[in-house]
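The values are calculated or read from the model by the stated rules, or taken from the named source; none is laboratory data. None of these values were measured; they are calculated from a predicted model. Every residue, glycine as well, gets a Cβ built from its backbone with ideal geometry; the counts of neighbours run over all protein chains shown.
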Amino acid sequence: MSVSHLPAILQNLSLPVVSAPMFTVSYPELALAQCKAGIVGSFPALNARQPELLDEWLTQINEELNQYRRDNPDAIVGPLAVNQIVHNSNGRLERDVATCVKHKVPILITSLRAPVREVIDEVHSYGGIILHDVINLRHAQKAIDAGVDGLILVAAGAGGHAGRMSPLALVGEVRKRFKGPLALSGAIVSGDGILAAQAMGADLAYIGTRFIASQEANASDEYKQSLLNSTAADIIYSNYFSGVHGNYVRESIVRAGLDPDNLPEGDAPQMNFSDGRSKAKAWKDIWGAGQGVGQIDDLPDTSEIVARLKEGYAAARSRLAL
């Protein structure tokens, strides 16, 4: 699939999809499977508990993808993305970015705060790009002013840290100011959803929760099963667990002995990434997920998930005579 106005890195994907990098869930096994399926595969740098492990992971991933390309010369192989948390308490940021630059990671996904110009220039030096996730127009404008290459719009219903805005409103407002690449997140678990994101004005869909319910995801059996048990009404929006509003599975909150309908307010200044385990309980014991869970019925491998998304996307286009 080629979209000529996008950066070369985002062209010729098997499907216009960027996988969301999920803390404690997205590890090399999942990212590799996503890339081999022809979409953008990803993982957070902080999933590598020690900085040295990030270097090992990137070496492993690059070697395996290069071998896969040699063995499958006609295959569409998606690029890799690594998520970097831009926050004062993330003492690893500079080192982790340097490791990504060393390995020429095609895409950096930055979160919380827009990256500084020096980081953007380093990534651009080898042809990489930076996508920054935002939840509103104010954050989007800051990222645009910083010089990022594209934006990830995290709308209402997205898993993990998410905004409150309707995707229709968020895409519409941002598109008025930014003509570059836009990926949209928010309860997208089907080929229909991917096409809907494009119809609203986005270029790509940003999908996370569907890949938690995969064989390759580093999530417990209980976590995965909870997604099959849940509907959109079982997703709780709260800032209690990390200081930033996010969407979580009701079942996990109840299992932790808390009342999901009466959670206290969180404290954003308490967010701390100094050891890579900020608010670890929020991600280990309390399970993040988006409102698309009600459309997830099984736990296939990633290649099967992408194949179904492709089939659904093609059917949606055909149904609308596109």
Just one listed residue, out of THR24, THR110, THR59, is among the β-branched types (Val, Ile, Thr) and over 29 Å from LYS310 (Cα atoms), and it is THR59
Filter segment 136-178 for residues that are touching a residue at least 40 places away in the same chain (Cβ under 8 Å) and of a type in the set (Lys, Arg); the one that is farthest from ARG210 (Cα to Cα) is ARG177
Within segment 241-254, of all residues that are at pLDDT 90 or above and of a type in the set (Ser, Thr, Tyr), the one nearest to HIS161 (Cα to Cα) is TYR248
**Qualifying residue in segment 200-211 (condition: small (Gly, Ala, Ser) and surrounded by fewer than 18 Cβ atoms within 10 Å (Cβ to Cβ))** = yes
The condition of being at pLDDT 95 or above, outside any strand (DSSP E or B), aliphatic (A, V, I, L, M) and out of contact with any Gly (no Cβ under 6 Å at 6 or more places or on another chain) holds, among ALA205, ALA183, ALA196, only for ALA196
Picked from segment 218-254 (must be among the polar types (S, T, N, Q) and closer than 22 Å to LEU30 by Cα), the residue surrounded by the most Cβ atoms within 10 Å (Cβ to Cβ) is ASN247
Of those in segment 14-49 that are charged (D, E, K, R) and modelled with pLDDT of 95 or more, the residue nearest to ILE286 (Cα to Cα) is GLU29
Residue under question is ALA169, and the condition is that it be hydrophobic (A, V, I, L, M, F, W, C), over 28 Å from SER14 (Cβ atoms) and surrounded by fewer than 23 Cβ atoms within 10 Å (Cβ to Cβ); does it hold?
yes
| request: Say whether the condition of being among the aliphatic types (A, V, I, L, M) and part of a loop (DSSP other than H, G, I, E, B) is met by at least one residue in segment 222-231. | output: no
Scanning segment 113-139 residue by residue, the ones that are surrounded by fewer than 18 Cβ atoms within 10 Å (Cβ to Cβ) and not in a helix (DSSP H, G or I) total 6
Only one of (1) over 21 Å from SER26 (Cβ atoms); (2) modelled with pLDDT of 90 or more does not apply to SER274, and that is (2)
In segment 44-58, residues that are out of contact with any Leu (no Cβ under 8 Å at 6 or more places or on another chain) and under 10 Å from TYR27 (Cα atoms) total 3
In segment 38-71, anything within 16 Å of the chain's Cα centre (by Cα) and among the aliphatic types (A, V, I, L, M) is listed as ILE39, VAL40, ALA45, LEU46
Flagged pairs (Cβ under 9 angstrom, 6 or more apart or on separate chains; first in segment 185-207, on the phi > 0 side of the Ramachandran plot; second of a type in the set (Ser, Thr, Tyr) and in a loop (DSSP other than H, G, I, E, B)) are GLY186/SER166
When (1) at pLDDT below 95; (2) surrounded by 14 or more Cβ atoms within 10 Å (Cβ to Cβ); (3) of a type outside the set (Ser, Thr, Tyr) are applied to GLY257, the one that fails is (2)
Within segment 78-122, the residues that are closer than 28 Å to GLY246 by Cα and of a type in the set (Lys, Arg) are ARG92, ARG95, ARG113
